[in-house]
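Here's the structure, in structure tokens; my notes come after.
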Amino acid sequence: MKKGVTSKIIFALIVVAFVIVCFIQSPITSPVNSLWSLLPPVVAIGLALITKEVYSSLFLGIVTGGLLCMFSSNPILVDEEPIGKGFTALFNAVVNEGIIKNLSDSWNVGILVFLVVLGIIVVLMNRAGGSRAYGEWAVRKIKTRKGASLATFGLGALIFVDDYFNCLTVGSVMRPVTDSHKISRAKLAYLIDATAAPICIIAPISSWAAAVSGTVEGVNGISLFIKTIPYNMYALLTILMVILMSVLDVDFGSMRTHELNAAKGDLFTTGENDYSASSEAPVTTKGKVIDLVLPVIVLITLCVIGMIYTGGFFSGTNFIDAFAECDAAYGLSLGSIAALILIVIYYICRRVLSFSDCMSAVPEGFKQMVPAILILTFAWALKSMTGLLEAGTYVSSLVESATAVQILLPAILFVVAVGLAFATGTSWGTFGILIPIVTGVFEKDLANVSSTGAIPSMVVICISACLAGAVCGDHCSPISDTTIMASTGAQCNHVNHVSTQLPYALTVAAISLVCYLLAGFVQNVFVILGTGIVLLVALMLILHFVNGKKADA
């Protein structure tokens, strides 16, 4: 039997088994706050991984959520108002709540504006010859695949302000370099993704720090966030894994196939590239490295200024608090639009592009971002389905029922956070649900923080487990915004990125789980983190040895 047919049969059996368990737990007429609420993402993610076709898979997941709303005997409520019954509920859930409301949401629109503007800037940099000049310079300076991988990691680590911004900027800058060293687009997408959320979640000055700090009441949010950094096993070990796999040249799973094909000149393996290459050719030979570096610096600077502006920095708020209170979507849109205007003026003054050249880049930049916009829209709609069905409430009730076993709580929270982020595609939503549960469990301990100033170690470890699990599940999920942005930045087929990244993410997740199991017994960061580092280094050395043996054979 062909492998593809076998995979489809396995997927069908998994879905049937899941549906049977759902029926055992509750009837289909009661899908809200039950196991049924997780069916839409199960359908979407499973179909995407099996069929390799992400648009229809996400849409079928959305329709599945709409059908559950239609079958519900109790009205589905939005702002305490029912969305209707029967087909009215189906259409209202899918079209109005799923698509229209998400495309009219100010945060989502801000992200789409930022995405489109960044696409236009990338086209401008390519047409001005900046990307070509940088690629030629980098090829001369970066001599090896190892150097190209580490340079990609280094740039990702430097752009720690926001994961969306990180994914798209690193991708546009490093693509010519990794292509010249025959690094597959799937590997580039992993390098981008592994230095986006994992870097942002341990950076005190980032949109992620702002999001986390706002979820805990009665405690200095930034101070608590800083305390969680050493215990964030998934983020720290993912960063270490990127360094080790670059230095040791280790690849495994389907990524190894992509890398072997890239060495032969096939960067995509599947032969599919959703992104138009028509705008890649420069329209001038006058472009220099400065024509890429300066626009990127301007973009980073103005995006940071835009974010702290929305946080009230210029109204007297200090820098840290401005980041904590910023509106990242509005700030990034503001900064990127300002940067676009300055970049256009710069290229015209440099006489590398004419005004008409710059204006023609606008629709080209938009066209390059159409695949990402479609996937994001469907992903947001799918999240709305899980929201209507109260999947978060269902998962949080499971966690609350497990809090009696506090010694295993870090490991339990990590696993639940992975599952919730994977199913919903949102890390922010995941720790937004779970962290209040943790603070509720340790309410008595936190009540003394204001007088003693000391936050109990177990509280810090449990919150770290929530953050680590949220990033891990987000990494694994095909419907995650960051995962979509990483494949967009690398111009890699989205399903290829997900399928090649999954073994890497699960490897680090398994080691992280061991660390959190240990954390319940030994609340010492040196022992916990040291154990994780030893396990990961040992595994990578074994894989390096095995790959070397295969190469010799």
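Remarks
- Scanning segment 459-484 for residues that are under 21 Å from Asn108 (Cα atoms) and of a type in the set (S, T, N, Q) turns up Ser477, Ser480, Thr482, Thr483.
- The single condition among (1) under 30 Å from Val344 (Cβ atoms); (2) of a type outside the set (D, E, K, R); (3) surrounded by 23 or more Cβ atoms within 10 Å (Cβ to Cβ) that Gly61 does not meet is (1).
- Among the conditions (1) assigned to a helix (DSSP H, G or I); (2) in contact (Cβ under 8 Å) with a residue 12 or more places away in the chain; (3) more than 18 Å from Val418 (Cα to Cα), Phe526 misses just one, which is (2).
- Verdict on Ala551 being among the aliphatic types (A, V, I, L, M), farther than 30 Å from Glu53 by Cα, modelled with pLDDT under 85 and not in a loop (DSSP other than H, G, I, E, B): yes
- Taking segment 490-528 as the range and being under 18 Å from Leu188 (Cα atoms) and of a type in the set (Gly, Ala, Ser) as the test, the residues that pass are Ala490, Ser499, Ala505.
- Residue, farthest from Ile24 (Cα to Cα), within segment 64-82, restricted to residues that are open to solvent by less than 50 Å² (accessible area, probe 1.4 Å) and out of contact with any Cys (no Cβ under 7 Å at 6 or more places or on another chain): Val78
- Answer from Ala194, Ala210 - the residue that is modelled with pLDDT of 75 or more, among the hydrophobic types (A, V, I, L, M, F, W, C), open to solvent by less than 20 Å² (accessible area, probe 1.4 Å) and touching a helix residue (DSSP H, G or I) at 6+ places or on another chain (Cβ under 8 Å): Ala194
- Selection status of Ala138, assigned to a helix (DSSP H, G or I), more than 15 Å from the chain's Cα centre (by Cα) and at pLDDT below 80: yes
- Helices (runs of 4 or more DSSP H) fully within segment 321-436 counting 1 or more residues that are at pLDDT 85 or above: 328-350, 355-388, 409-424
- Checking each residue in segment 363-379 for being out of contact with any Phe, Trp or Tyr (no Cβ under 9 Å at 6 or more places or on another chain), crowded, with 24+ Cβ neighbours inside 10 Å and not aliphatic (A, V, I, L, M) picks out no residue at all.
- Test for Leu260: is it free of Cβ contacts under 8 Å to residues at least 12 places away in the same chain, of a type outside the set (Asp, Glu) and more than 14 Å from Phe153 (Cα to Cα): yes
- Enumerated helices (runs of 4 or more DSSP H) restricted to segment 15-131, each holding at least 3 residues that are touching a residue at least 40 places away in the same chain (Cβ under 8 Å), hydrophobic (A, V, I, L, M, F, W, C) and farther than 19 Å from Ala372 by Cα: 54-71
- Any hit, segment 502-510, residues being modelled with pLDDT of 80 or more and in contact with a Leu (Cβ under 8 Å, 6 or more places away or on another chain): yes
- Of the residues Ile348, Ile343, Ile308, the single one that is open to solvent by 40 Å² or more (accessible area, probe 1.4 Å) and of a type in the set (A, V, I, L, M, F, W, C) is Ile348.
- The set of residues in segment 178-191 that are assigned to a helix (DSSP H, G or I) and either surrounded by fewer than 24 Cβ atoms within 10 Å (Cβ to Cβ) or basic (Lys, Arg) (or both) comprises Asp179, Ser180, Arg185, Lys187.
- Within segment 485-501, one or more residues are over 30 Å from Val109 (Cβ atoms) and surrounded by 24 or more Cβ atoms within 10 Å (Cβ to Cβ).
- Inside segment 10-34, residues that are aromatic (Phe, Trp, Tyr) and open to solvent by less than 70 Å² (accessible area, probe 1.4 Å) make up a count of 2.
- The conditions of being surrounded by fewer than 19 Cβ atoms within 10 Å (Cβ to Cβ), out of contact with any strand residue (DSSP E or B) (no Cβ under 6 Å at 6 or more places or on another chain), under 27 Å from Ile243 (Cα atoms) and not basic (Lys, Arg) are met by Glu136.
- Unmet requirement for Ile341, which otherwise passes all of (1) under 22 Å from Val298 (Cα atoms); (2) in contact (Cβ under 8 Å) with a residue 12 or more places away in the chain; (3) not small (Gly, Ala, Ser): (2)
- Top-ranked residue in segment 454-484 [being outside any helix (DSSP H, G or I) and among the β-branched types (Val, Ile, Thr); ranked as surrounded by the fewest Cβ atoms within 10 Å (Cβ to Cβ)]: Ile455
The values are calculated or read from the model by the stated rules, or taken from the named source; none is laboratory data. Please read all numbers here as calculations on a predicted model, not as lab measurements. Note that we place each Cβ from the backbone using ideal geometry, even for glycine, and neighbour counts take in every protein chain shown. Ligands, DNA and RNA are excluded from the accessible area calculation, which covers all protein heavy atoms including side chains. Shrake-Rupley method; radii C 1.70, N 1.55, O 1.52, S 1.80 Å.
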